[in-house]
Amino acid sequence: MTRGFRTLLRKEVMRFWKVSFQTVAAPVLSALLFLVIFSHALSRHVEAYPGVGYAQFLVPGLAMMAMLQNAFANSSSSLIQSKITGNVVFILLAPLTPGDLFAAYLLAAVARAVLVGACVVLAVAWLVPLPMPNLFWLVAFGFTGAGILGALGIIAGIWAEKFDQLAAFQNFLVMPLTFLAGVFYSIESLPPFWQAASHLNPFFYAIDGFRYAFFGRADVSPWASLAIASGTFCALSWLTLHLLRSGYKLRH
């Protein structure tokens with residue numbers, strides 16, 4: 001662990017922590033609003049799992065959704081801001097390897113995601129009683145899901161040259177895949193075509209596995225979900241490291 005890596009990691013963590021009212025409190029409030037509105041509208045009409053109330057069903061999905069979106073936002077916004085303001089050159093000139101850059105941006109994104117997810121669960125605990133989660137599955141899917149979006153955020157930040165390109169990446173890729181990943185419903189309730197389409201969405205496996213940690217029930221085997229989510233993370237990590245080594249849209 002080099003000094004340069006530690007410095008960059010600290011800078012990235014402090015970057016979101018300094019404005020935690022916006023980066024942590026706001027996502028928690030959004031999750032609470034989703035919970036109140038959807039549980040009020042659908043709790044009497046929907047039972048995703050036998051014996052599990054709809055409000056309970058929503059909480060893990062909302063927590064993971066907040067984690068995914070904030071992991072992406074953290075790494076992508078940091079890179080695009082550095083590129084537009086021109087200070088990315090100081091990061092590239094520092095004695096940092098591509099692995100250092102990747103690890104620092106990724107770990108900061110995961111730290112923000114985990115903090116937001118924990119705050120969402122704690123904030124709703126007084127509203128919706130939840131069973132004690134299985135720690136192994138909670139950690140496995142929490143970190144893997146955050147890692148997927150943290151890596152994807154780095155890729156988006158490298159690719160985008162202006163804020164509207166990054167917004168398009170988030171609005172037309174990240175947000176639809178997140179909302180259609182079973183946050184508000186079990187995919188078993190969908191027609192066969194949409195069930196098959198949901199299985200092509202890697203975000204679904206992170207959310208489904210995270211929910212399994214609380215209820216011991218899922219639409220897909222948690223081991224299969226973990227394997228697919230881990231494979232997605234490894235593929236995105238390889239691509240991110242390749243882009244960082246090549247200097248794509250960073251050095252020229």
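Within the stretch 153-208, the set of residues being hydroxyl-bearing (S, T, Y) and either in contact with a helix residue (DSSP H, G or I) (Cβ under 7 Å, 6 or more places away or on another chain) or under 30 Å from G86 (Cβ atoms) (or both) comprises T178, S198, Y205. Among the residues of the stretch 214-242, just one is closer than 20 Å to S76 by Cα and over 21 Å from the mean Cα position of the chain (by Cα), namely H242. The stretch 1-87 holds helices (runs of 4 or more DSSP H) entirely within its bounds, and those carrying 1 or more residues that are over 30 Å from D164 (Cβ atoms) and modelled with pLDDT of 90 or more map to 3-17, 54-85.
If only residues of the stretch 190-210 that are surrounded by 13 or more Cβ atoms within 10 Å (Cβ to Cβ) and hydrophobic (A, V, I, L, M, F, W, C) are counted, the one that is nearest to W137 (Cα to Cα) is F210. Name the pairs whose Cβ atoms lie under 8 Å apart, with the first residue in the stretch 223-236 and over 11 Å from G147 (Cα atoms), the second part of a helix (DSSP H, G or I) and small (G, A, S), and 6 or more positions between them or separate chains? Correct list of pairs: S225/A206; S225/G209; L226/A140; L226/G209.
In the stretch 169-221, counting only helices (runs of 4 or more DSSP H) that sit wholly within it, the ones holding 3 or more residues that are free of Cβ contacts under 8 Å to residues at least 12 places away in the same chain span 192-198.
The values are calculated or read from the model by the stated rules, or taken from the named source; none is laboratory data. None of these values were measured; they are calculated from a predicted model. Quick reminder, even Gly has a Cβ in these numbers, built from the backbone with ideal geometry, and neighbours come from all protein chains shown.
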